[in-house]
Amino acid sequence: MLDSLKELAGYVVQPFLLAGALTALEIAAVAMVGGVLLGLALALMRLSPVAPVRWLAWSYIWFVRGTPVLLQLVFLYDALPIIGIKLDTFTTAVVGFALNEAAFSAEIIRGGILSVNRSQSIAASAFGMSPLLTLRRIILPQAMRAILPGMANNTISMIKGTSIASVIFVNELTFRAQQIVGQNFKFFTVFAAAGIIYLVMTSAIAALQAVLERRFNFELKGNPDDAARFFGFRLRTAVPALALPAPAVKPSKRGAVELDKVWLKTLTGRDGGSERSEPFVVGRRLWKSYGNREVLKGVDFTVKQGEVVVIMGPSGSGKSTLLRMVNHLESIDDGEITVEGNYIGYAKVNGALRSVGDLASARAKARIGMVFQHFNLFDHLTALENVMEAPVHVHGETREKALDTATRLLGMVGLSNHADHLPHRLSGGQQQRVGIARALAISPRLMLFDEPTSALDPELVGEVLAVLRQLADLGMTMIVVTHEIGFARDVADRVIFMDEGGIVEEGPPAAVIGNPKHERTRRFLRLVEEKTDEDVALPA
Amino acid sequence: MQISTGVKRILSIVAVATAATFCVGQAMADDMKCHPEQLATKYPSLVGKTIKIATDGATPPYSMRDPNNFDNLIGLDNDMARAAFACIGLPVDFMVGSWSGLLPAVIAGQADVMWDTLYYTPERAKEADFVVYLRAATGGLVQKNNPKKIKSLDDVCGVRATAGLGSTEEAVFRDLSAKCVAAGKPEIEIVTFPDIPAGSRLVKNDRADLLMIDLGLVNSFIAADPDAFDLAFSILTDYKVGVGVAKNNKELTQAVFDALKILQADGTEEAIYKKYNFDHKQALPTEILTK
């Protein structure tokens, strides 16, 4: 028994076998790197809006995934020489396994990307992040949790699967073990030793998987102690704790806050007195349809600098679509919008608007802050990181400056104590205030609010509207889509009422809300007021 | 002096004859001797090449790992290959891969020769040229003391027989099984194996009664585990075993043929056979087969 164990141990450390293990690892490592990169490209191609690109990627995956890797290897090794391409054994194995891995990892990566909520990329686009930056900073970090287990499976399969390559003269572990068995017939001992070597290698992969999964498990970020307790050390340097002077804010129990107006004016480049007479935002004859359904039918509107315009209307009236056209989150079928006299992501060619290639830069340059109904905070980033993301990665600010600005903004909206928290640990009202801070951090010249309070519990609406009111007082140019009649009445300079893709009436709130001319406006206001009464009545 | 003249004449005749004999003998000996230094004149296209020999290293006694150093390859085929290319005057490099990938690699030009229990068949000769040097023999491997008393292929009806998947032996078993059934005897229960050691384990673990494969292999199994196996029978077949060379490499084919002829004549081949306890009666005067 002892002798058998000794013999087994001897084979486990047998250089001839270990050399084979090393070969397997080398091939798998290089092929995995190449395969994952190519797989990422294929996954993106599969998600492309351009049909031929999708088909190309699909065909590749269909073919490679559908044919045995053994045949692919033999083909690469023995058929390519016919056309003058003679790859050596190692190269053939690496290329063959990488091409194969690409097909499989493309689908795993695509699955990971699809698992990330679309709201994430919409928010990233609104802040001028390019598709690649969005992928790298927002989508992939969140997709990693879904991608990693599949990738670890593939890596382990590949390490073991390199044995197929013995047909093209790769002398890896299994093949070498078979040769020893072919010579001495001690299949049990030799195969057991090979099995142990494989287990050691695959255990290393499993451990790496565990480490990476922790690394990309952003839910651990809010309480890093868990990870630290598990590993005895921190896997990730946390964002430096906030050691900045407490901002001049007076947080109340509800988080009601007072903005530091002087500082905010410098931040947003609005030091008063620069009011322009011509409208800041101009929309002309805007048409938009989804399929056969016409959403906007020739809408004209303007917003002056420093003006607060509230857009109201029943759902399906086209108000959100109109709002999203301002920063080109929605494309325009016909008509045009200018902000400060510029098209955003369009150029005029022969009198017609054409989309320009670099939409992201155009959005970034326009500096339009956007706040979403469902907050659309980046789920894997803390409140502070959410606010810092666009300034650092889109506008190229230094981390120090962005950190300083973000800290002050979060303090201002009453969230100093939550700066290191992930969005899922915040209430809806808190999340929306982070959303506002995030929009302010890019020094916006215009703020778009898309039903900012619709997704909130009634008792949380107030804290968000309080921030909006103060922004309005500051002279910020704002377009707000909302059903909050009280807010519109008190804060709006102008109210636009929309229905069925057109503007029904517009004017000062006293006119549109206080004395609506149109029956449709009156009916809508009645409905909203009844609903508001119910909401208020409920908690009582 | 008459006599002396006569003697002189005789002597001179003897001398001429002796000289002639000697010269002819010298010439013949020259033919049957290796001249690696003449590579450039004999086979100019091969100058500067390192011959890549495709082998699988897992087919004893033809190609296997040296038990004292797994990095070395030994075996009848590998030793013959080394001797042949030393004789030609070319360095060699062994490429070790699984058996089924060897001939395709030679055809594709990734390797120069396959020298590893390669049976000549007209089918294979369409893809590669052969230099044959050995007549294959088949052996029947059974458990120790031959419990099923299998003495020849006449005793196989109703036994559990195993052969390599797609091998000639499998076809033989299928043929025989049909004959058994036709003769009203039980059919042969045929199991195929993916690699040869796996086949031997079928017999050892009593999952099969008879394994039929190349006699050299069968003898290796018995030598390695004499307590487990016995030889049931052996049959000298008409199969020729040889070296596979790509069709477009005629000079290499010729060089291998010339070298094998010398090795067969000068006793090198016999010595190698002896080293691996291989019956030299299986040796075959070398010839080139291209069809």
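Quick note: the coordinates plus some simple rules give every number you see, no bench work behind them. What you see is a predicted model; the values in this text were computed from it and never measured. Note: ideal-geometry Cβ built from the backbone for every residue, glycine included; neighbour counts use all protein chains shown.
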Span from the the range B:206-276 Cα centroid across to the the range A:385-420 one, whole angstrom: 78
Ranked list, fewest to most other Cβ atoms within 10 Å of each Cβ, for B:Leu210, A:Leu132, A:Leu259: A:Leu132, A:Leu259, B:Leu210
Rounded to 5, the percent of DSSP beta bridges in the protein assembly as shown classed as antiparallel: 65
Beta bridges per DSSP with both ends in the range B:138-238, % antiparallel, nearest 5: 60
At q = 0.13, 0.15, 0.18 Å⁻¹, base-10 log of I(q)/I(0) for the range B:138-238 (Debye sum, equal scatterers on each alpha carbon): -0.38, -0.51, -0.75
Likely footprinting exposure, B:Met64, A:Met325, fewest C-beta neighbours within 10 Å first: A:Met325, B:Met64
Computed E for A:Asp300/A:Leu80 - FRET, C-beta separation, R0 56 angstrom, nearest 0.05: 0.30
Per-residue mean of C-beta atoms belonging to partner chains within 10 Å, peptide A:164-176: 5
Number of partner chain Cβ atoms within 10 Å, mean per residue of B:87-100: 3
Positive-pole candidate from B:Pro226, B:Asn205, B:Gly139, dipole of the range B:138-238, charges at beta carbon: B:Asn205
Which of A:Arg145, A:Arg354, A:Arg46, A:Arg176 has the fewest Cβ neighbours within 10 Å, and the rest in rising order: A:Arg354, A:Arg145, A:Arg46, A:Arg176
P(r) weight above 27 Å for the range A:1-137, C-alpha pairs, percent: 42
Unsatisfied cross-links (Cα-Cα over 31 Å) in the set A:Lys297/A:Lys348; A:Lys6/B:Lys148; A:Lys86/B:Lys275; B:Lys148/B:Lys291: A:Lys6/B:Lys148; A:Lys86/B:Lys275; B:Lys148/B:Lys291
Viscosity 0.692 mPa s, 37 °C: Kirkwood-radius Stokes-Einstein D of chain B over Cα pairs, µm²/s: 154
For the range B:162-212, alpha-carbon Rg relative to the globular expectation (2.2 N^0.38 Å, N residues): 1.15
Quarter of Cα convex hull surface for the protein assembly as shown, i.e. mean projection, nm²: 60.9
Relative frequency of Cα-Cα separations exceeding 19 Å in the range B:45-144, percent: 46
Debye intensity ratio I(q)/I(0), log10, the range B:187-226, q values 0.16, 0.25, 0.32 Å⁻¹ (C-alpha model): -0.38, -0.89, -1.29
Axial C-alpha extent at least 30 Å, average Kyte-Doolittle at least 0.0 - helices from chain A (DSSP): A:15-46, A:89-114, A:187-216
Peptide-level mean, for B:198-207, of C-beta atoms on other protein chains within 10 Å: 1
Lys/Arg +1, Asp/Glu -1 at C-beta; chain A dipole; positive extreme among A:Phe301, A:Leu47, A:Ala123: A:Leu47
Chain B - share of DSSP beta bridges that are antiparallel (%, nearest 5): 70
Helix runs (DSSP H) in chain B reaching 20 Å along axis by Cα, Kyte-Doolittle at least -0.5: B:2-31, B:168-182, B:250-265
